[in-house]
1. If one computes the Cα centroid of segment B:451-476 and of segment A:69-97, what distance in Å separates the two points?
2. Would you calculate a helix-derived [θ] at 222 nm for chain B, using -39,500 (n - 2.57) for each DSSP H run of n ≥ 4 and dividing by the full residue count, to the nearest 500?
3. Counting only other chains, what is the mean number of Cβ atoms within 10 angstrom of the Cβ of each residue in peptide A:88-99?
4. Suppose only helical runs count, i.e. DSSP H with n ≥ 4. What mean residue ellipticity at 222 nm does that imply for chain A under -39500 (n - 2.57) per run, divided by all residues and rounded to the nearest 500 deg cm²/dmol?
5. Taking 0.36 nm per residue of sequence separation and subtracting the Cα-Cα distance, how much length would be gained by fully extending the chain between A:Ala249 and A:Phe196, in nm to one decimal?
6. Could I have the simple spin-label model distance between A:Leu144 and B:Ser451, label points 7 Å from Cα toward Cβ, reported in nm to one decimal?
7. Using the basic label-point model (7 angstrom from Cα toward the beta carbon), what is the B:Lys118 to B:Ala443 distance in nanometres?
8. What are the residues whose amide H is under 5 Å from the amide H of B:Phe386, where those residues sit 5 or more places off or on another chain and H is modelled from the backbone?
Amino acid sequence: MTTVTQKAEALSSKSSSIPSTRKLQRALFVVAVTYLVLIIGQPAGLDLVRIGQDVRAHPSAIVQQLIIGLANGGIIAMTALGYTLVYGIIELVNFAHGDVFMLGGFVSILTLSIFSRTGVNGGLTAPLWAAIFGFLPAMLFCGLLNAGIERMAYRPLRTAPKLVALISAIGMSFILQNLGLQIGAFGKLAEVSPVFKWLAVLGGNNAAPKSFPAVLGNNNLLEYIIPGATVRITFADVLVIVTAIVLMALLNWFVMSTRLGKAMRATAQNRDAAAIVGINVNQMIGLTFFIGGALAGAAGMMFGLYNGTVVFTLGFTAGLRSFTAAVLGGIGNIRGAALGGVLIGLLAAFSDQYLAVRWTNAWVFLILVLVLLFRPTGLLGQETGDKA
Amino acid sequence: MKQKILANAEIAAIVLIGFIALITGGWSVLILTVVAGALVGAAAPPNRAGVLRALIVGALTALIIVAVTFLHNAYITQLPKQDAIPVGALQPTTYGLALLLGIVVAVLVAALRAHPNKQRGRTGLLILVLFFAVIFPFFEQSVQLFWANAVIVSMIFTLQALGLNIVAGYAGLLDLGYVAFFAIGGYTIAFLNSPQFNLNVSFWLIIWIAAAAAALFGFILGAPVIPLRGDYLAIVTLGFGEIVPIVFKNLEAVKIHEPVTAIFAALFNKPEWVRCLVGCTEPVNITNGTQGITPIGRPELFGVKFMTGQYIPWYFLILAMLLLSVFFISRLRSSRIGRAWVAMREDELAATSMGVNIVRTKLTAFILGAMFSGFAGAFYGSYVSFISPDAFDFSISVIVLCMVILGGTGSITGVILGGLIIKMSDLLFLDKFQTVLGGVLQATIFQSVKSQAMTNFLESLFNASQYKLLLFGLILVLMMRFRPQGLVPSASEDAIT
């Protein structure tokens, strides 16, 4: 039984005083790993000299990336909430969620296109009220779509092993991605009749990225306050960050303070017990999917407004990033998803600036893998027995 | 209750094969009747009545296929935009031969299955399968069917599916980043036998190195994820599968400094302090980025040179690799470690308490699973003579997983069937379907549509090759809904739990 005693020793040494030799060993280990990371990380953009020079040359870039990271983080957080809500209630990684987000982008591009006119430089421009109104159809569509997916693809599998539902979700993701691809075909209708002129925004090539109509202008708001400021804060930054905060506050209020929210939490905690006290469990799960989908729809709109284009493969890459955020924060935990989203947004923004854009996805996945290995419950998650 | 003559599944299979025959037409009738005959024989109960039944159902099925092929050759080839009529137009004797072959195969398979000596019956079945596998490429070439490439690629994917079946099927570990090992195998041969590093190691050695490299990475991935379970494991492996192609895509200009000097140089802004370790004069180009590596060397055996466009040697090589793998995997499955995999899949706690070493069992599953993908990757690299990171995206992981699930997780026969069905329908059927659909639309709707713009729209909307993803997605969703155990389920149920 030597292993047991060794384990016990290791445990006690962790909690109380660590012998100096072991301390030294641990320190040496950390130094060796850091050294190795600094060597291996270099092809992936971890070039300390260049980073140092970059920071000295453009110190304001740090603030700039902070703003970009916050805005993108807000979008990621909104999508991550959908993952976390669904996981919290039925313990399913809703793989199709990212593609719901992508379709939200497509719905918003079409809504905006109806109200837009050709601007001075030939591009489409839409009025601001259209952008704000445009959130509604995107949220409604994505909410209903997500609830529909749950009804068709997940509800029949609720008693099946967990991975059966996960594979079904992967299948759903492929179906939605194909829908996103085929929506592009309708761009060709624009030439058929002037009635469909608004579909021209989808372009001639199904797979090509679709450009959003310009809505928010590109003025630097900070310049009105501090003339000659090097940091740019555009209206898009403000709109995205404010919308994200408002929607997340609304969600928090809904889940924490309303009767329905309470019922949802009860269902997440114990489905059978919730059913016994008269909660319609199926309705609650459907509602959760609806809310998650609606948030993804809003996030799709925000993504389009902020980054200018949407493409049908967006769901996979953005979805994986959001899922990483949800896991980082502690999956199933609403505030964790918000925190994780902002952290991933900041990480990606700083990686884009200081490491290398081409390696950003690798860094994000590396973080995901590391978090899962060392803290499988995430930053704010609690130990929940058999989940990890 | 009246006994139904045909089971629902049989009717569905006959309709499906009939539909395929309607789309492909031409000489494929001979292959389709043989395949249908084999399926009918395999579905019949293994007894004397089953043989009789196979005779009747086989005759019916073959008749349907022949009739439908006749329809195709007579009418569909007349539609606009169709391929040229097959070489050496089919004679009535060809149809007769197809009919006969279908019935004979059905009866033979049923009879061998009903053979009182089980061992002999299985040997007979194996010989029958091998016989058709051996004559297929010669038949294919003589009638110019142009199926060889698709069949070889399908067999490469089937080899991968067999490997994934170890991880996901036997051990029950859902690996969503399986493409990483395929990429590692492919890049191994690209590094060792191409102008990239001016190396020219023999192919016969490289496939083992590639398998070893993939196995090593299987270990590297497997070791840290041992404590993870279920969907967390799936997500971590997915992350691994994403990182590996990114690494191959971006290692084109590597320059490495000594870190300690770099830290001081960065702190004091003195770039001249940095000591350089690798790629000092010129950054090292390891993977040639998105352009990929080409040309990759080809194997040579007993004076036979493997060349592009000459499919027969490639076909037999991959066939041999596939047969060897099937042999190894079926032996592994019934060995001590194979039984440990299944025990672990069914109940990890119970397996541990029965003395199964979980760490070792999981690791061997990852290592052996990765190895077969490494083989497949090396063969693929040599076969297409070109490796680029775009060939290794997430969709490959999912397609291979689809093969395992469609066929039946944990069942070798099922996985081979699933692999061949999915990849061949992807490469052969969908394109042909697209041509036929285009022709039908041209002859019906498009003729009445006057405006060119409308035609453009309809053509783009009904482009069948654009619906591959939808098809895979539907397969996954519907299989999970109605038959989660796959087409040919393994003896022990609930492979993935």
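Readers should treat all values here as calculations from the given coordinates under stated rules, not as data from a laboratory. What you are looking at is a predicted structure, and each value in this text was computed from that prediction instead of being measured. As a convention, Cβ positions derive from the backbone with ideal geometry for all residues, glycine included, and neighbour counts pool all protein chains shown.
1. First find each Cα centre; the distance between them is then 30 Å.
2. -22000 deg cm²/dmol
3. On the way: counts 0, 0, 0, 2, 1, 5, 0, 5, 2, 0, 0, 1.
Mean inter-chain Cβ contacts per residue within 10 Å come to 1.
4. Values: 16 runs with 257 residues, N = 388.
Calculated from helices alone, the mean residue ellipticity at 222 nm is -22000 deg cm²/dmol.
5. Values: separation 53, 0.36 × 53 = 19.08 nm, distance 3.83 nm.
Answer, rounded to one decimal: 15.2 nm.
6. 2.7
7. In this crude label model, B:Lys118 to B:Ala443 measures out at 5.1 nm.
8. For B:Phe386, the qualifying residues are B:Ile296.
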